Amino acid sequence: MRFAKAIGYTGFRDLRRCLQGLFRAEATPASRLQHTLGDLARSEGHVLTNVLAMEVQYLTEASQTVDRADFDRAVDVLLGGRRIFAYASGPSDVLARLAELRFRRLGILTVGMTESGRHLLEKLQLLQPGDAVLVAGFHYARPELVAVLEHARATGCRSILLTDTLGITLRDKADVILAARRGPVSTFHSLTVPMAILNALILAVALARPEESLAALTRLDQLRAKSRLDTTI
């Protein structure tokens, strides 16, 4: 704080906002892709082998950085929620869609939120005390992401934030933060690590309520057979 004030900022938070702004300006999607392409071009071996090795490395790192106690707390939040609201946007919206699909199949009423602006608010206003909120956001705290977390807290809902670099910035807005590190911030990022963590959350919830989960899937299978609307998905 003293250093931040000495160089002209009002405090550490002001300095942090400035540094985050500079980083976002430099670490653009194009620059991250260019950095990764350069690494792949300099690497020996097939591109598929190298990318798979990179993903395995990130998954190994995640197994060391995701706090087990925080993970268990996140599972408790999901189990304790009357409903689950899952939010993600942009390329990460597949996480919200997956959470909605899998939790619904386990018999848990789940609302996926991938919209922006006022369209997001139409779903957000459905939140009620006792609901659980699962949010995935990376690299940049979008206004919608902040709005979801703030409204969840104001409504009396516990929230989980799955993120990479936003833990410090948003630690006062989420009840549980899971660090899904996706490799160096200057490189092209995949969703392998956050997807693996999300799958672990889904399976942990199913493991905690096996009879209900299996019963819900059985009802779904019976409904498929009866309605003749079966699907391979």
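Within segment 82-100, the set of residues being surrounded by 22 or more Cβ atoms within 10 Å (Cβ to Cβ) and closer than 18 Å to A206 by Cα comprises I84, F85, A86, L95, A96, A99. Of the residues in segment 149-202, how many are among the small types (G, A, S), surrounded by fewer than 18 Cβ atoms within 10 Å (Cβ to Cβ) and modelled with pLDDT under 80? Summing the residues that are among the small types (G, A, S), surrounded by fewer than 18 Cβ atoms within 10 Å (Cβ to Cβ) and modelled with pLDDT under 80 in segment 149-202 gives 3. For segment 101-147, the set of residues classified as in a helix (DSSP H, G or I), more than 12 Å from the chain's Cα centre (by Cα) and crowded, with 17+ Cβ neighbours inside 10 Å consists of R102, F103, L120, L124, E144, listed by residue number. Selection of helices (runs of 4 or more DSSP H) fully inside segment 3-68 by the criterion of at least 2 residues being modelled with pLDDT under 70 and under 27 Å from the mean Cα position of the chain (by Cα) returns 12-26, 29-42.
The values are calculated or read from the model by the stated rules, or taken from the named source; none is laboratory data. Only a predicted model underlies this, so the values are computations on that prediction, with no experimental measurement involved. With ideal geometry, Cβ positions are generated from the backbone for all residues, glycine too; neighbour counts draw on all protein chains shown.
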